[in-house]
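*Asks:* Right, I'll just put the structure down here and ask away after.
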Amino acid sequence: MSAANDTNFNSAVFLLTGIPGQEDAYLWISIPFCLMYVISIVGNSVILFIIKTDPSLHEPMYIFLSMLGVTDLGLSIVTIPTTLGIFWFNSREISLDACFAQLFFIHSLQCIESSMLLLMAFDRFLAIHDPLRYASILTLPRIAKMGLVCVLRGVAIILPLPLLLKRFRYCRANVLSHSYCVHQDVMKMACSDTSINSIYGLFTTLLTVGLDSLVIFLSYVMILKTVLSIASTAEYVRALNTCVSHLCAVVLFYTPMIGLSVIHRFGKGSPPLLQILLGYIYLLVPPLMNPIVYSVKSKHLRARIIRVFIK
């Protein structure tokens, strides 16, 4: 028995979890999931197409929105195979290497999306605080460099996580809590000392979500300070209205992400169903809602989308 417990299970598999107790209804449950995936993929693809083909939308705000759309597309595509595989075929097994790869892409894309929301907050601050220099500061080459830095930052920070997990032995119960792989969940399956992973995971959370959300908050403090100095009520309302879409995206992204991270670290007595549902919200809702929110709130983007569909 002790020999079996000490065996290195690097060739073993993890078992993903759908919604426990609802196995008989998986086919029906898959319908809303399919709709959410289709809407998020089509919605983000349409926005990318509109921004790319319409020269009047080649402005910093819409370029940052297109970067956010690419990130949301990536998040949807990464989770589709395992999530729908469970609901359609009850395919729960995933190899360690595939799990580590999915884990890397999910966390790196989340990190990149957090960076994009930070850049969009800077964009709104600059547009309101210094509109005369807005176009001269946010030039296309500079925006491209900022986007590249965000991607490199996400890859560099997240890459050590699967590498650290790969060196562990997995000899405990191999049933994960979600229909996809995330670092905190996989780390619990290891029978080795995971203190380094736990510390580094906390460090990455503080360095990405913690730092980005703090800077976004400070940006909006500065935006509010600038807006309050505007004498005209109409300009005051117009300036704040340009920030509504971004604020919705920030709330949709950070709220479930922080909630799930807190439950994984401190909520050992929390109901499993709450953790599972929050996990789905964490990855499905932002890519689903971002294109809808921006299409509704952005007059120019909405007009271009309507024009395309009318044609």
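*Asks:* Any residue at all in segment 121-139 that is under 21 Å from the mean Cα position of the chain (by Cα), closer than 21 Å to T208 by Cα and among the hydrophobic types (A, V, I, L, M, F, W, C)? Spell out how you get there, then give the answer.
*Replies:* Kept after step one, since they are under 21 Å from the mean Cα position of the chain (by Cα), are these residues of segment 121-139: 121-124.
Now narrow it down to the ones that are closer than 21 Å to T208 by Cα: 121-124.
Still in the running and among the hydrophobic types (A, V, I, L, M, F, W, C): 121-122.
Within segment 121-139, one or more residues are under 21 Å from the mean Cα position of the chain (by Cα), closer than 21 Å to T208 by Cα and among the hydrophobic types (A, V, I, L, M, F, W, C).
*Asks:* Counting residues that are of a type in the set (D, E), which helices (runs of 4 or more DSSP H) fully inside segment 90-163 reach at least 2?
*Replies:* 96-129
*Asks:* Just to be sure, is S108 under 15 Å from the mean Cα position of the chain (by Cα), within 29 Å of D193 (Cβ to Cβ) and surrounded by 12 or more Cβ atoms within 10 Å (Cβ to Cβ)?
*Replies:* So S108 passes the test.
*Asks:* Turning to a different aspect of this structure: Name the helices (runs of 4 or more DSSP H) wholly within segment 199-300 that hold at least 3 residues that are under 21 Å from the mean Cα position of the chain (by Cα)?
*Replies:* 211-228, 244-266, 272-297
*Asks:* Within the bounds of segment 49-65, is there any residue that is modelled with pLDDT of 90 or more, out of contact with any Cys (no Cβ under 6 Å at 6 or more places or on another chain), part of a helix (DSSP H, G or I) and within 28 Å of H183 (Cβ to Cβ)?
*Replies:* Within segment 49-65, one or more residues are modelled with pLDDT of 90 or more, out of contact with any Cys (no Cβ under 6 Å at 6 or more places or on another chain), part of a helix (DSSP H, G or I) and within 28 Å of H183 (Cβ to Cβ).
*Asks:* Any idea how many residues of segment 52-76 are under 29 Å from F33 (Cβ atoms), in contact (Cβ under 8 Å) with a residue 40 or more places away in the chain and not polar (S, T, N, Q)?
*Replies:* So the answer is 8.
Residue-by-condition table, conditions (1) under 30 Å from M187 (Cα atoms); (2) outside any helix (DSSP H, G or I); (3) in contact (Cβ under 8 Å) with a residue 12 or more places away in the chain; (4) not basic (K, R):
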residue	(1), (2), (3), (4)
F14	yes, yes, yes, yes
T17	yes, yes, yes, yes
G21	yes, yes, no, yes
L35	no, no, no, yes
V46	no, no, yes, yes
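*Asks:* Against the definition (surrounded by 14 or more Cβ atoms within 10 Å (Cβ to Cβ) and within 20 Å of E113 (Cα to Cα)), how does I158 come out, yes or no?
*Replies:* Numbers: surrounded by 14 or more Cβ atoms within 10 Å (Cβ to Cβ): yes; within 20 Å of E113 (Cα to Cα): yes.
The answer is yes for I158.
*Asks:* Identify the residue in segment 171-199 that is in contact with a Cys (Cβ under 7 Å, 6 or more places away or on another chain) and at pLDDT below 90 and, among all such residues, is surrounded by the fewest Cβ atoms within 10 Å (Cβ to Cβ).
*Replies:* Here is the first cut: in segment 171-199, the ones in contact with a Cys (Cβ under 7 Å, 6 or more places away or on another chain) are 171-172, 181, 186, 191.
The next check asks that each one be at pLDDT below 90; those that pass are 171-172, 186, 191.
Working: C171: 17, R172: 12, V186: 25, C191: 15.
Once the filter is applied, the top-ranked residue is R172.
*Asks:* Please work out if Y134 is surrounded by 12 or more Cβ atoms within 10 Å (Cβ to Cβ), in contact with a Ser or Thr (Cβ under 6 Å, 6 or more places away or on another chain), among the aromatic types (F, W, Y) and in contact (Cβ under 8 Å) with a residue 60 or more places away in the chain.
*Replies:* No: the conditions fail for Y134.
The values are calculated or read from the model by the stated rules, or taken from the named source; none is laboratory data. Computed from a predicted model, the values in this text were never measured in an experiment. We place every Cβ from the backbone using ideal geometry, glycine too, and count neighbours over all the protein chains shown.
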